[in-house]
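Beneath this line is the structure, given in structure tokens, with notes to follow.
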Amino acid sequence: MKILKKTLGACLLPLVLVAGTQANDHFDSVEVKAIPVTEGIYMLMGEGGNIGVSIGADGTFAIDDQYAEMSSKITAAIKQLSGDTPKFLVNTHWHGDHAGGNEHFGKHGAIIVAHEHVRDSLKVEKSIKLFNMHKPPSPKAALPVVTFQREMSLHLNGDDIRLIHVANAHTDGDAIVYFNKANVIHAGDTFFNGFYPFIDVDSGGGIAGMIAACDTVLALANDKTKIMPGHGPLATKADLVAFRAMLAKAQANIQALIDAGKNEAEIIAAKPLAELDKEWGDGFLPSDVWLKIVYSGMVK
């Protein structure tokens, strides 16, 4: 698992830092792998967030679309599964490793669906300072044309698919996607399976919201539920229970130091994540970096 987590972590590194032909060469070498989830439903792993795909009599339904540079490979992977350009495409949030392909798929006829805050974020300039990432306003074709506030449903391929907003978790616009009959959930970046998650505090995210998002998913799940995380391997309810426990322990340990009047430097020196680092700290975020992110959200 450690080697896998490091490999997955490397896929999350800010590709905006790779210039010109180097970036193109990088994407040229990426392979998209289709992981069967249940009949007609797959998880695509390539470069960026995990993609969910449902293929059936009503056509192709997709969840997220990775980076713009991955669009042709994602299209090819879907066609290999006997699918086509998605009729509906859900964005779990606005980040470029999940919504970067919107323009491509939007121009090819996909109806893009997302929480209203995702459309708001895509319409304007946005930055993630940690990764030195800057996103200009997205073109019209990349914007969601159907938005919701709390919850909405789609009825496709023999299933009742619920889109549920979870507030202030990874961002302020996260949606989880629940396939009711198939017993499958795509948790977006409210769940990083096996390592510390990035939390976009500047976009309204916070560890308390991440924990609440876990509770929302766990209330829907049972021991047979297949859960697609935003990053990491296909998961079970037990994997999400472990992830939630890690978040809760980290929050409690940091909060105790905040309550004791410690500042950021003193909290880092106290190493409140030491007992968690062995299991969770070998992803793409070093322990102290993740600690700073969580702390900043807790004292905002």
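Please give the helices (runs of 4 or more DSSP H) falling wholly within the range 87-178 in which 3 or more residues are without any contact (Cβ under 8 Å) to a residue 40 or more places away in the chain.
Output list reads 102-107, 116-123.
Please go through the range 255-295 and pick out each residue that is among the polar types (S, T, N, Q) and touching an Asp or Glu at 6+ places or on another chain (Cβ under 8 Å).
Within the range 255-295, just SER287 meets the criteria.
Being in contact (Cβ under 8 Å) with a residue 60 or more places away in the chain, closer than 23 Å to ILE128 by Cα and either touching a helix residue (DSSP H, G or I) at 6+ places or on another chain (Cβ under 9 Å) or basic (Lys, Arg) (or both) narrows it down to one of PHE191, PHE198, so name that one.
PHE198
With the requirement that a residue be in contact (Cβ under 8 Å) with a residue 24 or more places away in the chain, surrounded by fewer than 18 Cβ atoms within 10 Å (Cβ to Cβ) and part of a helix (DSSP H, G or I), what does the range 213-237 give you?
ASP215, LEU218, LEU220
State the number of residues belonging to the range 224-250 that are of a type outside the set (A, V, I, L, M), out of contact with any Phe, Trp or Tyr (no Cβ under 7 Å at 6 or more places or on another chain) and more than 22 Å from VAL53 (Cα to Cα).
Counting residues in the range 224-250 that are of a type outside the set (A, V, I, L, M), out of contact with any Phe, Trp or Tyr (no Cβ under 7 Å at 6 or more places or on another chain) and more than 22 Å from VAL53 (Cα to Cα) gives 2.
Could you check the range 32-73 and list, in sequence order, the residues that are polar (S, T, N, Q) and either buried (at least 16 other Cβ atoms within 10 Å of the Cβ) or part of a loop (DSSP other than H, G, I, E, B) (or both)?
So in the range 32-73, the residues polar (S, T, N, Q) come out as 38, 50, 54, 60, 66, 71-72.
Within the range 32-73, ASN50, SER54, THR60, GLN66, SER71 qualify.
FYI, it's all coordinate maths here, none of it is from the lab. Note that the coordinates shown come from a computational prediction; the quantities given were computed from them, not determined experimentally. All Cβ positions, even for glycine, are placed from backbone atoms using ideal geometry, and neighbour counts span all protein chains on display.
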